[in-house]
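Chemist: Please find one structure pasted underneath; my questions will follow.
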Amino acid sequence: MKNIWRKLRENWLDFWEDDELDMDKKHLSQNDKRSLLYGGFMIGAVTFIFLSIGIMVGNIWTNHRNQKDMEELLGTIATYMATATDDEYEEIAQTIRHDLVYSQYGQDIENLIRYIPNTADGCCLERGFPERINLVFLNTGEAYGMEIFDETEPIESQRERGGTMITSGYDEISEAHLMMMSNPNMDSATASIDRGRGIVSAHKMKTHFCDDCIRKILTTVEDEFMDEAVIYDAEEKTFYPVTEGDLQIGDYSFHTYYEDGGYEIKIAYTGE
């Protein structure tokens, strides 16, 4: 290592050797080297200054153009809103939503709603549920148990008591309805979900769910026909979409199919 450093030092000193008046040297003199370095430095400095000025002028022009475009856009929106009739207002709002929001974010709704502040006073899914399996409406945060038997008494006692139990739910935002009829003596139940308008409000979700649950829910319902409700496994903290097919959670099996604008879910108890 010492030999290497010594060799480098000798080459460096030889490079800067004062040989301006030595005519026998075959390489550039010290004066020539300094002139070249100085000239290169000045050319680089001037180039950097011109580039900086060009970038600064470009940024100023871009900001000015963006500000002008924004003023024109806001003026156009204000004009349309002010002159629209009641019949035209909703159509204009839908057009603005599509052109300004969906064109920018596409299907990345998760990235879009991050700009909405979360005002939930604790996540509604952390409150605890009497049943493991629940249907949760996303607009209201309300959960409806989907199990045939509860844990308040032995299953055999519930079977012997028989009868039909009815559970109903309603989402006032999407106008979706849930009607579930359970027959404990037959180990079966049927849940009917009428989609209504099929609307999901991100603002409402932000008042009921924590951001972590919202991300999981949005991933679950992505590309699904019904996205205003999910099936929630409170024990495993897992979300399932309401979609056609078969699903097994714990001691219950679910067979879901689409019918007359809604979903029918056949529920069966498969435990002992």
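Please treat every number below as a calculation from the coordinates, not as lab data. Note that the coordinates shown come from a computational prediction; the quantities given were computed from them, not determined experimentally. So basically every Cβ, Gly included, is an ideal-geometry build from the backbone, and we count neighbours across all protein chains shown.
Chemist: Can you tally the net charge around residue 195? Count Lys and Arg as +1, Asp and Glu as -1, for every other residue whose Cβ sits under 9 Å from the Cβ of residue 195.
Modeler: Once all neighbours under 9 Å are counted, the net charge is -2.
Chemist: In which sequence would 2, 266 go, from the one with the fewest C-beta neighbours within 10 Å to the one with the most?
Modeler: Ordered from fewest to most neighbouring Cβ atoms within 10 Å, 2, 266 come out as 2, 266.
Chemist: Separate question: For residue 83 and residue 235, what is the calculated FRET efficiency with R₀ set at 41 Å and r taken between the beta-carbons, to the nearest 0.05? Please report the intermediate quantities before stating the final value.
Modeler: On the way: r = 56 Å, r/R0 = 1.36.
Rounded to the nearest 0.05, the efficiency is 0.15.
Chemist: Taking the Cβ of residue 150 as the centre, find all other residues whose Cβ is under 13 Å away and add up their charges (Lys, Arg: +1; Asp, Glu: -1). Mind showing how you got there, number by number?
Modeler: On the way: positive: 132, 159, 161; negative: 131, 147, 151, 153, 251.
Net charge around residue 150: -2.
Chemist: Round to the nearest 0.05 the FRET efficiency obtained for residue 10 and residue 38 when R0 = 35 Å and r is the Cβ-Cβ distance.
Modeler: Numbers: r = 25 Å, r/R0 = 0.72.
Computed FRET efficiency for residue 10 and residue 38 comes out at 0.90.
Chemist: Further, regarding this structure: For each of 186, 205, count neighbouring Cβ atoms within 10 Å of the residue's Cβ, then give the residues from fewest to most.
Modeler: 186, 205
Chemist: Given R₀ = 51 Å, FRET efficiency for residue 210-residue 61 by Cβ-Cβ distance, to 0.05?
Modeler: Rounded to the nearest 0.05, the efficiency is 0.70.
Chemist: Using a 7 Å offset from Cα along Cα-Cβ at residue 258, what residues in the stretch 215-242 end up with backbone N under 14 Å from the label point?
Modeler: Zone members listed by number: 223-228, 242.
Chemist: Net charge near residue 209, counting Lys/Arg +1 and Asp/Glu -1 over other residues with Cβ under 11 Å of its Cβ?
Modeler: Surrounding charge for residue 209 is +1.
Chemist: Same structure, new question: Would you mind ranking 170, 269 so that the residue whose beta carbon has the fewest other beta carbons within 10 Å leads the list?
Modeler: Ordered from fewest to most neighbouring Cβ atoms within 10 Å, 170, 269 come out as 170, 269.
Chemist: Please compute the length gained on full extension between residue 185 and residue 91, using 0.36 nm multiplied by the number of residues separating them and subtracting their Cα-Cα distance.
Modeler: 28.7 nm
Chemist: How much length is gained on full extension from residue 199 to residue 177, taking 0.36 nm per residue of separation minus their Cα-Cα distance? Mind dumping the intermediate values first?
Modeler: Numbers: separation 22, 0.36 × 22 = 7.92 nm, distance 1.27 nm.
Extra length from residue 199 to residue 177 when fully extended: 6.6 nm.
Chemist: Stretched out fully, how many nm does the piece from residue 127 to residue 246 gain, at 0.36 nm a residue minus the Cα gap?
Modeler: Values: separation 119, 0.36 × 119 = 42.84 nm, distance 2.82 nm.
So the chain would gain 40.0 nm between residue 127 and residue 246.
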